[in-house]
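Readers should treat all values here as calculations from the given coordinates under stated rules, not as data from a laboratory. All values reported here derive from a predicted model rather than from experimental measurement. Here the Cβ positions follow ideal geometry from the backbone for every residue, glycine too, while neighbour counts run over all protein chains shown.
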Amino acid sequence: MDLHPVSGTGSPVSRRRFFGVAGLVAAAGVATACGSNTGRDGGSSSSAAGPATSTAGGTSGSAGSAGSAGSGAASGTAPAGSVSLSQWYHAYGEEGTQQAVERYAAGYTKAKVTVQWNPGDYDKKVAAALLTGSGPDVFETGNGPSIDQIQSGQVAPLDGILGSAQSDFTASLVERMSYKGKLYAVPQVIDMQLLVYRKSMLDKAGVKPPTTFDELVAAAKALTTSDVKGLFLGNDGGAGVMVGPVLWSVGADYLTKDNAVGFDDPNVATAFGRLHELFASGSLLLGAPTDWSDPSSLTQGLTAMQWTGLWTFPVLAKELGDDFGVLPWPKFSATVGSPSVPIGAYGSTVSAKSKDVQAAKDYVRWLWVENTADQLDFAQSYGFHVPARKSLADKADKLKSGPAADAVDILQKYGHAQTPLLWTPASGTAMSDAVTNIVKSGADPKAALAGVRTTVQAELARVAK
Amino acid sequence: MAAPGDTLSSARHGSGAVPAAGRSRPGWGRRLAGQQNRNLWFWVFVGPFALGLLVFVYIPIGWSVYLSFFDARNTVTPTVFVGLSNYREMLTDPAFLSSLGTFVLFALFIVPLTFAGGLGLALMVHRARRFKAFFRSVYFLPTACSYVVAALIWKMSIFSGVRFGLLNTVLRAVGLPPVAWLSVTHPPWYWLVIVTLRLWLQVGFYMILFLAGLQRIPTVLYEAAAVDGARPGWQTFRFITFPQLRATSAAVLVLLLINAFQAFDEFYNLLAVAGASGGGGYPPYARPPLVYLYYIALGNQQDFGHGSAGAVILALVIAVFTVLQGRLLGGRRRSDEAAPAGRRRTHRREADA
């Protein structure tokens, strides 16, 4: 929306507009190049300017495609009867991931798959592309497509795609990505968030790994010095990423099993109030150069404990050796609640507007159901993830020792699906607004949560069809 | 008005006076092209811009108005007409209303500060005896910097919350604890970051506008004032310079206010955080209207109905503000001046005919 000023100073206005437009163009360029504020796995700025596109099948000799039709693209002519598919990923922060997914795509012989790597705000880009006819055929979605994408028919149902492997996939993930009995995404790998701490720093301060929220607060305080903060929960003080763990820590949830509001327990308000005390105590790291999803704050000694993800473990091991341990988010107190960690998964999704939905489904089946070798490579060779297929999780050797093994153990004991399907973005915004007000500004938790309740109920009434 | 034009015109309009024999009527193409192909050239020069304006401004505005009457989620070709309910819901949405409050607060800071800063700089540069061009360029240069780049510098370097941020290093040197500038709300340090950023970026531009205004003030006025006994300095500024800058001041205020309304880049780049995995979050404070609408319509919510209704409301508010301000501050005077001049021209043309 742009309105012209009604005053008649012609020349300055047009000059201002010129700068405005020039600024916008520059802004767009920079925004594409810098993905630092979007907070995906490893939110560090990518050096790639704009989306990087590479075409699979362009070089022969990729693993498994020798002599197959896929190499036909090398001569510039697509093999007869072949289809072109485009596949989108968000920019994983770990080195080598992009080359890996391009290699997988190159190995597919039945279609020419073009991989697009998207630094920056991936979700918004996908959402915009799905409105047009030129979006991706296959793309990944965090925890599967949103309920609105499903209900408005933007994504194609994939029922039956898992075939005989159905029982091998982690059931809770398959359930999370299904709506009314139809599957809408194939889980690629399981991601988990958890608390990571520097063993040496805790030893030095004489602090034991905390098992309750009170112990966590005390530990954060004891670990804080003039140079190092005790705990890092994200630059928003945990308002964004700690909602789930705080709810679970008192035995509550976003929604109940039958999709009603799940945070009415008065302990929820108490727990968020305590989070405000933690925020105000001065032992939280705030305003760090990278956010919670990036391990830099921990490796650079800005904090002694950090909430982050399993994907950071290769970097943590490289930088810190064995000087780090893992914990779930602690239970609220000795008598209330239980420890927890959120688990989620990127799911491979097919656009309903794809020119060849069947070919896109076939590719998803090939890559994320049948091609177990590439799935295993993807899970443990770059950032660490847990394979979505149970039989593969047993084969992931790198997840069998050290902190990664402890993490997998925590996942199995205390894992909660990140957010339920009917927890819409509007509900999420209402909740994180309220939690920010509670945590940062000390707003009354009960009143703030009552406001969230109203929004969530309206959203539930809207999407529960 | 060149002679050939007149000839052509008389040939066209005066066909009654000139015998028709031997003169063919100009073809449709000629007539459309106009005298000296003026119409043609008009469209050659104006056409691309008009087309761009139509395609990238007016059609989207129209479409947005259309969307605002529909339940449009995850689609821009909606089918469910909902009348005014999107407007009703936006106008009762506490988050949207608070975003308008944020704008008012922001404007209260940035408009007077930039106005005073721009005017002050202009007065100083105008009086400078040496290096005038140098100072003019130096103060103007930040205007060329992108808001995104500046926001990253402000966030990552100057106002970084960690101990090695520029300001925190200074604080540490004088024995004060570091401050997480963008993360705390008590006290609301984030306003300092946001306002200084925009001030640095735009003050030079408004300085140039004021400089242009200053240069147009006739020297005789100052001489006359001096003869009448006005002391240089405050008195001269109060009674000569400032009143003479009336038109410039009005334009500057309107531009400042509109720009403040449209604030997006620095807010988004300074304050958006990772949030929950995949979401991307923005705190509920310091969230101006455009940022809020961005999250509703273009963010994960993809709710174009409510987003468009909000955008239309915002556009109307800006329009009302602008018109009111134009009325209050000298818009009228200029139109008074313009009218007689226009009339004079018309009279002359009639006399010529």
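Rg and Dmax of segment A:306-465, based on Cα coordinates, read 19.9, 56 Å.
Which of rounded, prolate or oblate describes segment A:354-410 when judged by the alpha-carbon gyration tensor and an a/c cut-off of 1.5?
Taking the square roots of the gyration eigenvalues as a ≥ b ≥ c, segment A:354-410 is prolate.
Inside 10 Å of the C-beta atoms of A:282-290, what's the mean count of C-beta atoms belonging to other chains? Don't jump to the answer; show the numbers that get you there.
On the way: counts 2, 0, 2, 4, 9, 16, 5, 8, 2.
Per-residue shielding by partner chains comes out at 5.
Think of segment B:85-332 as having a plus end and a minus end, set by charges on the Cβ of Lys, Arg, Asp and Glu; of B:ASN269, B:PRO283, B:GLY204, B:GLY204 sits farthest toward the positive end of this dipole. Each peptide in B:227-240, B:245-258 gets a packing score, the mean of other Cβ atoms within 10 Å over its residues, and the list from highest to lowest is B:245-258, B:227-240.
Distances between placed amide hydrogens fall under 5 Å for A:VAL115 paired with A:SER54, A:ALA56, A:GLN87, all partners being 5 or more residues away or on another chain. Computed from backbone phi with θ = phi - 60° and the Karplus coefficients 6.51, -1.76 and 1.60, the 3J(HN,Hα) list for segment B:82-95 is 10, x, 9, 5, 4, 5, 4, 5, 5, 6, 10, 7, x, 5 Hz; x is used for glycine and proline.
Tell me, what are the semi-axes, in whole angstrom and largest first, of the equivalent ellipsoid of segment A:123-266 as set by the roots of 5 times the Cα gyration tensor eigenvalues? Present the calculation step by step, with values, prior to reporting the outcome.
On the way: eigenvalues 299, 69, 55 Å².
Over the Cα atoms of segment A:123-266, the ellipsoid semi-axes are 39, 19, 17 Å.
Sort segment A:86-147 into rounded, prolate or oblate with this rule: let a ≥ b ≥ c be the square roots of the eigenvalues of the Cα gyration tensor; rounded if a/c is under 1.5, and if a/c is not under 1.5, prolate when a/b is larger than b/c, oblate otherwise.
Values: a/c = 2.01, a/b = 1.27, b/c = 1.58.
Oblate shape, in that a/c is at least 1.5 and b/c is the bigger or equal ratio.
For segment B:227-241, backbone phi angles converted through the Karplus equation (6.51, -1.76, 1.60; θ = phi - 60°) give residue-by-residue couplings of 4, 6, x, 6, 6, x, x, 4, 4, 4, 4, 5, 9, 10, 4 Hz, Gly and Pro being listed as x. Coupling constants for segment A:137-150 follow from the phi torsions by the Karplus curve (6.51 cos²θ - 1.76 cosθ + 1.60, θ = phi - 60°), and in residue order they are 7, 10, 8, 9, 10, x, 6, x, x, 6, 4, 5, 5, 5 Hz; glycine and proline get x. For the cross-link pairs A:LYS257/A:LYS355; A:LYS229/A:LYS395; A:LYS124/A:LYS440; A:LYS257/A:LYS331, the ones whose C-alpha atoms lie over 29 Å apart are A:LYS257/A:LYS355; A:LYS229/A:LYS395.
Based on the mean of other beta carbon atoms within 10 Å per residue, what is the order of A:104-113, A:175-184, most packed first?
Averaged packing, sorted descending, gives the order A:104-113, A:175-184.
The distance separating the Cα centre of segment B:52-126 from that of segment B:175-234 comes to 26 Å.
Give me the dipole magnitude in Debye, nearest 20, for segment A:168-294 about the Cα centre, with unit charges on the beta carbon: positive for Lys and Arg, negative for Asp and Glu. Don't skip to the answer; put the middle values down first.
Values: 11 positive and 15 negative charges, 43 e Å.
Using only the charged Cβ atoms, the result is roughly 200 debye.
Summarising the amide proton neighbourhood of B:VAL273: residues at separation of 5 or more, or on other chains, whose placed amide H is nearer than 5 Å comprise B:GLY281, B:TYR282.
Using a Förster radius of 60 Å, what is the FRET efficiency between B:TYR66 and B:TYR222 based on their Cβ-Cβ separation? Nearest 0.05, please.
Numbers: r = 56 Å, r/R0 = 0.93.
FRET efficiency, B:TYR66 to B:TYR222: 0.60.
With the cut-off at 1.5 for a/c, could you classify segment B:85-332 from its C-alpha gyration tensor as rounded, prolate or oblate? Verdict is oblate for segment B:85-332.
Relative to the 2.2 N^0.38 Å rule of thumb, segment A:214-365 has a C-alpha radius of gyration ratio of 1.28.
Under 5 Å between amide hydrogens, built in the peptide plane, is the criterion, and for A:LEU162 it picks out nothing among residues at least 5 positions away or on other chains.
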